[in-house]
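Working notes, structure below.
The values are calculated or read from the model by the stated rules, or taken from the named source; none is laboratory data. All values reported here derive from a predicted model rather than from experimental measurement. All Cβ positions, glycine included, derive from the backbone under ideal geometry; neighbour counts span all protein chains shown.
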Amino acid sequence: MKKSSIFGIVVIAIAIAVIISTYGSSSTYGSFTEAKQTQSDLHVIGYLDKNKELYYDAHKDANYFSFYMKDKKGNESKVVFTGTKPQDFERSEQIVLVGHMSGNEFHASHIQMKCPSKYTQDKVETTEADAKQGSI
Amino acid sequence: MNIAYQGEHLLPGQLGQFFIVLAFGSALFSTISYYFAATSTNKLDTSWLWMGRIGYFLNSISVVGIGTCLFYIIYSNLFEYHYAWEHSSRTLPVYYIISSFWEGQEGSFWLWGFWQAVLGNILIWKAKSWEKPVLTIVALAQTFLASMLLGVDIFGARIGSSPFILLRQALQAPIFSRPEYLSFIKDGNGLNPLLQNYWMVIHPPTLFLGFASMIVPFAYAIAGLWMKRYKEWVQPAISYSLFAVMVLGTGVVMGSLWAYESLNFGGFWAWDPVENAALIPWLTLIGAVHVLIVYKNTGHAYFTATFLTLISFILVLYASFLTRSGILGDTSVHAFTDLGMFWHLVVDVAVFFVIAVTLVILRWKELPISKKEEETYSREFWMFVGAVFLALSCLQLIVVTSIPVWNAMFKTHIAPPTNPVTLYNVFQAGFAVVVTLLAGITQFLKYKKTDATRFFITTGIYFVFSALITGLVVYITGVYHLRFVFVLVMFGATYSLLANTKVLTDAFKGKIKLAGSAVAHIGFGLMMVGALISAGTSKVISQNDTGLDYGVDFAKGNNPRENIMLYKNEPVKMGDYMVTYFADSTKGPNHYFKVDYKRLDANGKITEEFVLKPNSQSNPKMGLVSSPDTKHYLFHDLYTHVSMAPAEDFQTGEDAGHGQENDDANYNPPTTHEIKVGDTIPYRDGSIILVSLNKEAHVQNIPLSANDVAVGAELKIISHGNTYNAEPVFMVKNGSVFDFSRKVDDAGLKLRLSKIIPEKDKVEITVYDQPESKKPYIVMRAIEFPYINFLWTGTIIMIIGFLLSIFRRNKELKSV
C-alpha cells in the first residue's frame, strides 16, 4: 500500500472522529422536566419570573445567587448560580442556562442572558457569566 | 408628504453616498476591464489594462472619500446620521472617534476595503505580468466589499447597509414627523465603554489588514490556474502569504492581549466563535505557506498547496459570514448584530468558492501533480503531513463553531457543547502535539532524501533532552495535573524549541537563510509553552469559603466559590496576600477601587506591597462595566477584577441633605459609654481611645461668648491596623445644649460627645457603628497566571521570524 494512501486514510479517520466527537459532545436544549430525568448537563432556555424573589446578598455570601425561571413549557424552577449576580439581570428578556438539576434546584454553571440594550435602541444585547474560571 | 427638516447637514452624507456608488461602480468596471485585459490575445492593446487601472484608482479614491465623509460626520457630531448617533457622542475624546468609526459593521467593511485598496495599488505597481489576472480577482473582491455598503433598494430588497443613512430613516418614531426634530437630539449614544480603549484604536486595523491581505495569495493561485502558469505563481504567493499570516497572527494576539488586559472574562482566549473566526483562516494559510515552500523546493504537494491557499480566503469570507450574518445569535456574545445581509454574505462566499472550484476542475488534468511519492525520510513529506494536520485542526474549529449553521441547514436543534472550552482545548492540543513535533523533526530532515541512521541518532538525542526538560518543567509548573495530552504538547513545544535553536545557531555560523523559519518556530514554541502553562495552571486565588450554608443540595455540588468580599479598610487574607480595599478614586467615567496587596513572610513581616486599581464604569447607558487591573511579574501575573460593587458607591457626596434621624438609620442603635481620659471603648472593628479633652474646641462659623462652653473629645480610633482621629464637640451656648457629632467613614463610625459628667470626672461618648450592610465593599476575583509572558514574547519572536522570512523570500523573488 502506498504511503500516501495510508496517510489519506489516517486523515479521513481523524476528520470523521472530529465530526462524531462534535456531535457526541453537543448538548441539547431541554426543559426543567427533562433536566430532572437526566444526570448530565443541558441547556435550558426560559424567562425570569419577575414576581418571585431574586436573591443576592454579598454580605451573606458573595458567591450565591438564586432566582426563579420559567422554561419554555411554562414549568418553573429555582435556579442557583455560584457567583455574583450578573449586571442588569432583572431586565433580562431571555435566559439560557447550562447546568443540571440537583434536588429541586437547577444548578447553573453558565448563564447567558439577553437584555434590551441600554446602549443601542431597539437592540438586544447578550451577556454571559460563568461560575468557574475556565480551565483546560 | 414632504417635511422641510431644519438643521440637517445633508451634504456630507450625499457626498459619501455618491462615493459609495462610485466605489462600487468603479470596482465593477475595473473587474470587467481587467478580465478582458487578461483574456485579450492582442499583446499590444493596453486599453483594457489602462481602463482596469483607472477603475481601480477611482475605486481607491472613492474609498478614501467615503472614509473622509464618515469621519467628518462623526467628528462634527452630526447626529442626524444614524452611524454617528449610534456610535459616538459629544463627550467622546477625539482619539476614540477613530474607534467609533469602525465599531459598526459598515465601518469595519470600510476598513477592510481600505486595506484592499492599498494592497491593490501595491500590486498594480509590483505585480508586473501578474497584474491583469490578479487584479481581476482583487477588484472583484473590492466590488463585493463596496456592495456591502450600498444600502440601496433593488427590487424591494435592501442591498448592503450604508453608513450614511439618516437617523430618521433608520428609526421609526413620531418625533421624526416634526421638522425641528434635530433640536431634541442633543447627543449620540456614545461608544461602548469597553471599547474606549487604545486597543480598539489599533486592533481592528491590524486584524483587517490581515484579512484583506489574504486575498493576494488567493488571487495569485487563481491567476496561476487561469493563465496556466501553474508553477510561477508559487514564489510571489509565498511572500504575500507570509505577510498575511504575520499580520493576521499579530491581530489575533492583539485581540487576546486586549481581552486579557481590559475585559473581564478572566483569560486571554475563550474559544468564542468570533475569536475562532479569525483563527480559522490563519491556520489554513500557515499550512499553505509550508506546502508552497515544499512545492517550490521539491515539486511535491502541488494540489495541497493550491487547495490550502484557495480555501484560506474562502474561509475569511466564511468567517465574515459567521460573525456578521447574525447566525451565531445565541452562541456568541460579541458577534455583530444582523443587518439583514445574510444572503448577501452567502453570495459573497459562494461566488469565490465557485470560481475556485470551477478553475480547479477545468485545469485538473494539467496540474503539475507529481506522480512520484515523497521519500519517507524527506523534509517535504513531513512538512506536508504537518500542513495537513494544521488543516485538520482548522476543520475541528469549523465544525464546532458552525453548529448554528448546521442547525440552520439541516433544521436541527442541537445545542453547543456544555463545555466547549475543554472540547476545543483537548482537540487542539492533540493537533498541536503533532504540529510542534513536526516543526522540530523536519529540521533534521533534508529535502529529497536524508540518511536514515544519522537522522534517527540526532532526533533521538533531541528527544531525550526534550523529555528531560519537559519532565522538569511539567513538574515545577504543575502541568502534570492536567490531561496527559497537555504534557505531550509541552514535550512537542520543547522539542521544537530545541531543534530550531540548533538551526538558529547554525544560521549564525553562515546558513543565514534559515534564520527566519527558525526564529518563527522558536516564537511559536514559546507561545505554546506560555499559553499552556498560564491557561492550564492559572489559579483563582480569591477562593472564598466563608459563605453561609444554603442547604445540602447546594453544598453537595462542590461549587467553586471564586469571589471574595472586601469591606472597605478591612484586610482579608487571600492566598499569600493580605488584601485591603482602602480607597476609591474617580477619573472621567471610571471609578477606581484601590486595593492594597501585602505579601507577608512566615514572621508576619511585609516582603512586598503594591496597589492594584481595578475599575468600573458606572455608565448611565451600560450600567456597571468593570475592567481588571493586573500586576505583572517576570514569571507570572496577578489579575484582579471587581465583579460586584454596591450601586450606592457610585453616588457622589455623603448623604447630602439628609436629616439627622435619616442619617442615624444608616447605623446600628447607638451605645453609650461613660469614660475617663485614657479609657478605651472596644467596638466590633477595633477600639476607641479618649486621648484628652479639649476645653477650647471650636466649631466652624459658631462664635462663642464668654458664657458659652465648648468641649471637644479627642478620640483615637484603631481599626484593622489603621488609626483615625475624631473630635466630637459638646457645646453650651446661650443656655442651650448642642453637640456636634463626627463621622469616621473609613471606620464606619459616628461619634458623639453626648454628656459631660463633672462629678465623676467622666464624659459620655455615644458610638454609632455601621451595620455591615451599609459599609462600602467590593466583591472581587483574583487570578494568578503563571508564565504568561512566554506567550507575549513568543508572539513577538514569531513576528520577527516572519519578517526575516519575508525578506529572504523577497530576495529570491528578485533574483528569479
Considering (1) surrounded by fewer than 19 Cβ atoms within 10 Å (Cβ to Cβ); (2) within 14 Å of chain B (Cβ to nearest Cβ), say which one A:Q37 fails and leave the rest. (2)
Kindly provide the set of residues from the stretch A:17-34 that are outside any strand (DSSP E or B) and either among the small types (G, A, S) or within 11 Å of another protein chain (Cβ to nearest Cβ) (or both), ordered by number. A:A17, A:V18, A:I19, A:I20, A:S21, A:T22, A:Y23, A:G24, A:S25, A:S26, A:S31
From the set of residues in the stretch A:40-49 that are free of Cβ contacts under 8 Å to residues at least 60 places away in the same chain and within 14 Å of chain B (Cβ to nearest Cβ), which is farthest from the chain's Cα centre (by Cα)? A:G46
Just name the residue that is surrounded by the most Cβ atoms within 10 Å (Cβ to Cβ) out of those in the stretch A:50-70 that are more than 14 Å from chain B (Cβ to nearest Cβ) and closer than 18 Å to A:M101 by Cα. A:M69
Looking only at residues in the stretch B:396-428 that are more than 8 Å from chain A (Cβ to nearest Cβ) and not in a helix (DSSP H, G or I), which one is nearest to A:T22 (Cα to Cα)? B:S402
So how many residues does the stretch B:1-49 have that are polar (S, T, N, Q) and part of a helix (DSSP H, G or I)? 8
Just checking, how many residues over the stretch A:94-108 are within 8 Å of chain B (Cβ to nearest Cβ), part of a strand (DSSP E or B) and in contact with a Gly (Cβ under 9 Å, 6 or more places away or on another chain)? 4
Need a quick list: helices (runs of 4 or more DSSP H) entirely within the stretch B:146-250 having at least 2 residues that are more than 23 Å from the chain's Cα centre (by Cα). B:167-170, B:215-226
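On the basis of being closer than 30 Å to B:A391 by Cβ and either among the polar types (S, T, N, Q) or within 11 Å of chain B (Cβ to nearest Cβ) (or both), does A:K2 make the cut?
Values: closer than 30 Å to B:A391 by Cβ: yes; either among the polar types (S, T, N, Q) or within 11 Å of chain B (Cβ to nearest Cβ) (or both): yes.
So A:K2 fits the description; yes.
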Looking at the stretch B:175-217, which of the residues that are more than 14 Å from chain A (Cβ to nearest Cβ) and among the β-branched types (V, I, T) is surrounded by the fewest Cβ atoms within 10 Å (Cβ to Cβ)? B:I202
Condition check for B:W110: of a type in the set (F, W, Y), at pLDDT 90 or above and under 20 Å from B:M341 (Cβ atoms): yes
Among the residues of the stretch B:768-778, is any part of a strand (DSSP E or B), touching a Pro at 6+ places or on another chain (Cβ under 6 Å) and under 29 Å from B:K573 (Cβ atoms)? yes
Taking the criterion of being out of contact with any helix residue (DSSP H, G or I) (no Cβ under 9 Å at 6 or more places or on another chain), of a type outside the set (K, R), closer than 30 Å to B:H636 by Cα and at pLDDT 85 or above, would at least one residue in the stretch B:757-780 satisfy it? yes
Would you mind stating whether A:E90 is more than 12 Å from chain B (Cβ to nearest Cβ), acidic (D, E) and under 26 Å from B:V779 (Cα atoms)? no
Answer yes or no: is there a residue in the stretch B:624-635 that is at pLDDT below 75 and not β-branched (V, I, T). yes
